[in-house]
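Notes follow once the structure below has been shown.
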Amino acid sequence: MNKGCMISLIIGGIFLFIAIAFVGWGVSAYNKMVTMDESVKAQWGNVQNQYQRRSDLIPNLVNTVKGYATHEKTTLEQVTEARAKATQVTIDPQKLDAQSLQRFQAAQGELSQALGRLLMVQERYPDLKANQNFIELQAQLEGTENRISTERTRFNDEAKTYNSYIRTFPQSLVAGIGGFSQMPYFEAEQSAQKAPKVEF
C-alpha cells in the first residue's frame, strides 16, 4: 500500500470517527430534549391538578356561603360563572404555547378575583365567619392557592431549564431539526393572579 493511499485511509477514518461522534452526540441531545420536554409537560399536569383541586372546593364554599348570605346572589353567581369559564379553558400539553397559557391564566385570574369577593362576604355575616365548615373550606382554599403558586414556580423552572438547553448552541441545531420549540412561562399579572386573601 502506497503512502498516498495510507494518508487517504487515515483521513477517511478521521472523518468517519467525527461523523459517528457527531451522530452519537445528536442522538444523545435529542433524547435529552425529549426527556426535558416530558418533564415540562408532567409539571404542567401538576399545575392543572392544583387548579382542579381549587375548582372542586368552590361548590362547597358557595353552598356554605349561600346558607348564610342569601342577599349575596350576585357574588355567588359571579363565582359560579367564573368557575365554569375557568374549567372550560384547558390546554393540551402537546400544544402548550404562549397564547393558550395566556387564555388559561386570564380565566383562572377571573376566578381568583371572584373568590376574593366571595371571601370578603364573611365580614358582613358573623355567623358565617364562625361556621366550622366555612373555616375548614377557607383553610383548604388557602392551602390550595399555596400549592398552585408552588407548582407554577416549578413549571417555570422546568420550562426555563428546557428552553435554555434547546436554545444553546449546538443543541439548537438538533432542536431545530427535531421540531422542539420553547415553552411559555407563567407570568405575574397586576392583580388577576393574586391568590384570594383568606382571613380567619
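If you take the residues of segment 1-36 that are of a type in the set (Gly, Ala, Ser) and over 30 Å from Glu158 (Cα atoms), which of them is nearest to the chain's Cα centre (by Cα)?
Ala19
What do you reckon, is Leu115 more than 18 Å from Asp37 (Cβ to Cβ), surrounded by 14 or more Cβ atoms within 10 Å (Cβ to Cβ), out of contact with any helix residue (DSSP H, G or I) (no Cβ under 6 Å at 6 or more places or on another chain) and of a type in the set (A, V, I, L, M, F, W, C)?
yes
Could you please find all residues in segment 96-112 being assigned to a helix (DSSP H, G or I), crowded, with 18+ Cβ neighbours inside 10 Å and touching a Phe, Trp or Tyr at 6+ places or on another chain (Cβ under 9 Å)?
Leu101, Phe104, Gln105, Gln108, Leu111 - these are the residues of segment 96-112 that are assigned to a helix (DSSP H, G or I), crowded, with 18+ Cβ neighbours inside 10 Å and touching a Phe, Trp or Tyr at 6+ places or on another chain (Cβ under 9 Å).
Can you name the residue in segment 49-88 that is surrounded by 15 or more Cβ atoms within 10 Å (Cβ to Cβ) and either small (Gly, Ala, Ser) or touching a Cys at 6+ places or on another chain (Cβ under 6 Å) (or both) and, of all such residues, is modelled with the lowest pLDDT?
Ala69
The values are calculated or read from the model by the stated rules, or taken from the named source; none is laboratory data. As the structure is a computational prediction, the values presented were derived from the model and not from experiment. Every residue, glycine among them, receives a Cβ derived from its backbone with ideal geometry; neighbour counts consider all protein chains shown.
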